[in-house]
Amino acid sequence: MAATLAEVFESLSESYTTREENARTKLAKCLTDSSQGVDTSLIRTAMDVAAEALPYRRVLEYAEKVGIREALADVRKDLARQLLTRSAGSSTCQIRNEAARMEVEAAQRFLANTDNLLDCFGDTPSEETAEQAEPEPAPAPVDVPKVTPAQKRTLTAIRDNSIRLQEFAIGRGVKVMSEAAERPRKDMIEWVINKGWAKQDTSRSLFQGQPVSLTETGEAILSA
């Protein structure tokens, strides 16, 4: 399967973001180790790799909202516009000037590295979106069996009255519980369960009460 624009860009970004993380970790370790002096070369390296990684991070963060193609195109346009108006640094702080120079040079390299990247993958948005799932086939029609009035009343009670089977004490037998005053007979409940017209939730204990609900066939019988 051909790589997508997102996969190629993420692979390209990984080396820059990994270098940045490693440089920051080394600098943080140096700064927190009071037994040694501050290695200024680590500061410069961290500044440099952070500038290199910045455009890639911008694209990846923006892509979460608009997609990789639009994010890459917008960041490239923004950087190109900045390069036309931004100087390498005019601050009285030499560190800021150095950071600005690094960001300008990093932006130039980013534009060069990603030049023609969008064209290589054409202009189809399908590479950035999940493939459309094929529609699921329509469910097969359910054969509706003929039922007696008593069987239908049992199914109706299960549907409407929150029927459950419950055992309140060991040896006392399972009882049919319902929100209505009238309850179907236990043997009728068991009969429709055995026929596959209803089902019993055995994930719960009988002491808690096991709810009984209609199956697809039971629903079809009442809808017929």
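The values are calculated or read from the model by the stated rules, or taken from the named source; none is laboratory data. Model, not experiment: these values are computed from the prediction. Cβ: placed from backbone, ideal geometry, glycine included. Neighbour counts: every protein chain shown. All accessible areas refer to the heavy atoms of the entire protein, side chains included, with ligands and DNA or RNA removed. Shrake-Rupley method; radii C 1.70, N 1.55, O 1.52, S 1.80 Å.
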Highest mean packing first, using Cβ neighbours within 10 angstrom, the peptides 183-190, 54-61 sort as 54-61, 183-190
Using the Karplus curve 6.51 cos²θ - 1.76 cosθ + 1.60 with θ = phi - 60°, work out ³J(HN,Hα) for each residue of segment 206-213 in order, rounded to whole Hz, and write x for Gly and Pro. 5, 5, 6, x, 9, x, 10, 9
If packing is taken as the average count of other Cβ atoms within 10 Å, what order do 32-40, 112-120, 64-72 fall into, highest mean first? 64-72, 112-120, 32-40
For K152, give me every one of the aspartates and glutamates with a C-alpha distance below 20 angstrom, ignoring sequence neighbours fewer than eight places off in its own chain. D143, D160, E179, E182, D187, E190, E216, E219
In segment 1-85, carbon and sulfur make up what percent of the accessible area (probe 1.4 Å)? 52 percent
Please work out the FRET efficiency for the pair N97 and L31, using the Cβ-Cβ distance as r and a Förster radius of 25 Å; give the result to the nearest 0.05. 0.65
